[in-house]
Each structure stands twice: as structure tokens, then as C-alpha cells.
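The values are calculated or read from the model by the stated rules, or taken from the named source; none is laboratory data. Nothing here was measured: the structure is a model prediction, and the numbers come from that model. Cβ placement follows ideal geometry from the backbone for every residue including glycine, while neighbour counts extend to all protein chains displayed. To get the accessible areas, we keep the full protein, side chains included, count just its heavy atoms, and leave off ligands, DNA and RNA. Shrake-Rupley method; radii C 1.70, N 1.55, O 1.52, S 1.80 Å.
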Amino acid sequence: MINEVIKKNATTYGVITGVSLSLITAVMYATDIKLFIAWWTTLLTFSIFIIVPILLLIKTKSDLNGVFPFKDAFTTYFICALIGLLISVSFKIILFNFIDPSMKDSLLDMTINYLKSTSEKFNVPTSSLNEMIQNLRKTDPFSVIEQIKGSVVSLFFCAILGLIMAVFFKSKSLPQD
């Protein structure tokens, strides 16, 4: 059974994470869709998965009077990340597939152009580049299925990050009975 403090805090901070990520997506959409392929927006998104959970783990450990076993710390982070990803991916699915499906083509073209320019800098063989582009065009990276697949991969990386954070935030020693 999950502790009520953990459940409440993880849910609250998960919603904060999801809404923050959705707001970033909405601002990028409203401002300039080129931001979707900017390297620094990836860093901004990643920082949300670090900063918000750190605040969550600090608060939860404090609420639990410092008694925070590894399992509870990981569970707290993982619930937060799962809820955040569900909200964020749901927003992206709605945006890319129902609100503005034409944006998918524009983003795909920008992604391909970015790949071409990056590949030239790193002397990637033309055959490899053409294969990457062909695969991108076949899969539609913004479709519902691909968004869900991407969220599963993201959740895997969040789990690894959660394990690392749990090591840092767990209680140094648990009280003896």
C-alpha cells in the first residue's frame, strides 16, 4: 500500500510537471514552431524532470519526518514522472493530431532539414542520411502511436533518473524499532 503522503505529493507534483511541460509546448506552438527542434528546449524539458522532482522529494522526505526508504523515494518520483508524462503526451497528441495536424508536416520538414545540416557537419554518409529520412517519413513521429512509444521510452529514462534520485534522497539510516 502506498503511503498517503507519497500518493498526495507525487500526484500534485506530477500534475505540476505535466502542466509545466504542456505549457512549454503551448508556448513553443504559439511563439515559433522552430522551437520544437531547438536543442535548448530539450534541455528545458529535461530540467523539468529534475527540478520538480527534487522539490517533490525534499517536501515528501520532510513530510515523512526524514524517514524515506529507497523504495518510497523511487515510488514518489516514478508516480510524479508517470502523471507528468501522461498529461504532457496527451496534450501533444491532441495538439498534433486534432488541433493542428498540418503542423506535423511542417515539423517533419524542419526535422529533416536539421538532420541534413547536422549530418553534413559530421560527415554522415548520404546513404545513411537518406535511410534516416525515409524512416522518419514512414513512421510519422507525431502520430498517436509514435507519441505513446516515445512516452514509454521517456518513462524508462525517468525510471533510471528516479533510481539515481532515490539514492540521494533516501534516509541515511532507518530508525530501529
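Quick notes
- Filtering region 104-153 to residues that are of a type in the set (Gly, Ala, Ser) and farther than 30 Å from Leu86 by Cα leaves Ser117, Ser119, Ser127, Ser128.
- Candidates are the residues of region 4-15 that are surrounded by fewer than 19 Cβ atoms within 10 Å (Cβ to Cβ) and not basic (Lys, Arg); the one that is farthest from Thr76 (Cα to Cα) is Val15.
- Residues (over 14 Å from Val144 (Cα atoms) and either open to solvent by 80 Å² or more (accessible area, probe 1.4 Å) or in contact with a strand residue (DSSP E or B) (Cβ under 6 Å, 6 or more places away or on another chain) (or both)) located in region 85-106: Asp105
- Restricted to region 132-145, and to residues there that are assigned to a helix (DSSP H, G or I) and open to solvent by less than 50 Å² (accessible area, probe 1.4 Å), the residue that is modelled with the highest pLDDT is Ile133.
- Top-ranked residue of region 107-131 - restricted to ones that are open to solvent by 50 Å² or more (accessible area, probe 1.4 Å) and in contact (Cβ under 8 Å) with a residue 12 or more places away in the chain, ranked as farthest from Lys172 (Cα to Cα): Lys116
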